[in-house]
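Any read-out appearing in this document is the output of simple, stated calculations on the displayed coordinates, not a laboratory observation. Quantities reported herein were computed from a predicted structural model and do not represent experimental measurements. Positions of Cβ are generated from backbone atoms using ideal geometry, with glycine treated the same way; all protein chains shown enter the neighbour counts.
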Amino acid sequence: MQTSTPRKVEHQQTDRGYIPVYATGVVEQPWADYSRTDHEVWDTLFKRQRELLPGRACREFLEGVERFGLGDGGIPRFAELNKVLGRATGWELVAVEGLLPDEVFFDHLANRRFPVTWWIRKPEQLDYLSEPDLFHDLFGHVPLLLNPVFADYMQAYGRGGMKAFAIDREALTNLTRLYWYTVEFGLIHTDEGMRIYGAGIVSSKGESIYCLDSPAPNRIGFDLERVMSTRYRIDTYQQTYFVIDSFEQLFEATRPDFTPIYARLKAQPAHAAADVLAGDRVFNRGTREGFAVGGDA
Ligand code: PHE
Ligand code: FE
């Protein structure tokens with residue numbers, strides 16, 4: 001895989017100030033510009049999840065949080081985290097303004113760079129905001145990058161993304177569903193019980209409780225093609241969670257060339273987010289209580 005060095009384009013006036021923007025979307029983390037309120041929002045969210053997640057999040061995630069010292073007080077400096085991360089798995093955090101074009105995002109992952117939105121939500125958005133912010137990206141995604149197997153999975157995903165991007169829109173849709181149901185909303189079945197590893201869950205107080213405690217959603221064993229053909233919710237908690245047995249299982253299941261799989265999936269209709277199918281390994285068949293009707297992404 002070719003490497004691309006962040007290329008500095010120019011300084012740009014953005015909503016959030018005057019910032020150097022690179023072709024890769026990378027900016028300097030403007031650490032000195034965080035307000036007292038910004039640091040307090042981080043501390044509040046951190047404390048809330050740190051208390052909630054033992055016994056809910058998987059061991060690898062909780063270990064990562066501690067190793068990074070994410071709760072040392074105030075918004076962490078990416079440069080400091082990168083010392084730990086680089087030594088552990090060779091990943092690097094880069095600061096970005098927000099969501100990137102697919103191909104730019106894939107290129108970062110393929111080169112073991114994880115883009116982290118540098119700005120944090122407002123105090124009135126503690127429970128929900130519609131786009132990823134610093135808390136989601138950093139607290140949610142980064143701890144597991146210390147795990148060697150998960151770190152390799154993320155890079156493989158980036159490479160797979162470049163490939164899917166060159167195939168067609170449908171291949172990309174299939175691959176996006178895989179990201180959604182693993183990296184963002186994945187559960188893992190461990191010896192100690194069902195645990196969370198998905199970033200979209202661990203960064204949300206409500207969903208950290210709901211995904212394990214509510215009888216409403218389905219919890220179904222991970223199956224690659226099943227996941228890639230299942231639509232998902234972007235506006236509510238998930239109606240189905242897919243459960244892996246280990247990060248090794250996830251890595252091995254996604255190792256084969258997806259090209260023939262994309263071709264096969266083209267011929268089949270997608271499943272609704274709430275569906276349970278005949279071949280599913282069902283951990284929990286959801287009661288569907290409170291489910292929104294229609295509106296899957
Ligand atoms: N093996 C996949 C392919 O050939 C790439 C991939 C790996 C995708 C891991 C997602 C996760 O396209
Ligand atoms: Fe995310």
3J(HN,Hα) from dihedral phi, region 115-132, Karplus parametrisation 6.51/-1.76/1.60, rounded to Hz, x for glycine, proline
x, 10, 4, 7, 8, 10, 4, 7, x, 7, 10, 4, 8, 7, 8, 8, 10, x
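If you take all C-alpha pairs in region 214-266, what percent of them are over 16 Å apart? Spell out each step's value before the answer.
On the way: 703 of 1378 pairs.
The calculated P(r) of region 214-266 puts 51 percent of pairs beyond 16 Å.
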So the label point goes 7 Å from the Cα of GLU170 along Cα→C-beta, right? Which residues of region 268-293 then have their backbone N under 11 Å from it?
268-270
Could you derive backbone 3J(HN,Hα) for region 77-83 from the dihedral phi with the Karplus parameters 6.51, -1.76 and 1.60 (θ = phi - 60°), listing whole Hz in sequence and x where the residue is Gly or Pro?
8, 4, 4, 6, 4, 5, 5
For the chain, what is the mean residue ellipticity at 222 nm derived from helices alone (per DSSP H run of n ≥ 4: -39500 (n - 2.57); sum divided by total residues; nearest 500 deg cm²/dmol)?
-11000 deg cm²/dmol
Based on Cα coordinates alone, diagonalise the gyration tensor for region 30-167, multiply each eigenvalue by 5, take square roots, and list the semi-axes in whole Å, largest first.
25, 18, 14
Do any of LYS83/LYS266; LYS83/LYS122; LYS205/LYS266 go past 32 Å between their Cα atoms, and which?
LYS83/LYS266; LYS205/LYS266
Rh (Kirkwood, all Cα-Cα pairs) for the chain, Å, reads 19.8 Å
Once you put a point 7 Å from the Cα of ASP152 and another 7 Å from the Cα of ALA270, both along the Cβ direction, what distance in nm separates them?
3.1 nm
Tell me, what HN-Hα J-couplings in whole Hz come from the Karplus equation 6.51 cos²θ - 1.76 cosθ + 1.60 at θ = phi - 60° for each residue of region 282-293, using x for Gly and Pro?
8, 7, 8, 8, x, 7, 6, 4, x, 5, 5, 9
Counting sequence-distant residues (5 or more places) and residues on other chains, those with an amide H built under 5 Å from that of ILE244 are LEU187, ILE188, HIS189, PHE222
Against the longest alpha carbon principal axis of the chain, how many degrees, from 0 to 90 and to the nearest 10, is the axis of helix 36-52 turned?
30 degrees
As I understand it, the value is the acute angle between the Cα axis of helix 148-167 and the longest principal axis of the Cα atoms of the chain; what does it come to in degrees, rounded to 10?
80 degrees
Given 0.36 nm per residue, what is the gain on full extension from ASP102 to ARG77 after removing their alpha carbon distance, in nm?
6.4 nm
Which residues in region 166-194 place their backbone N less than 20 Å from a point set 7 Å from the Cα of PHE283 along the Cα-to-Cβ direction?
177-194
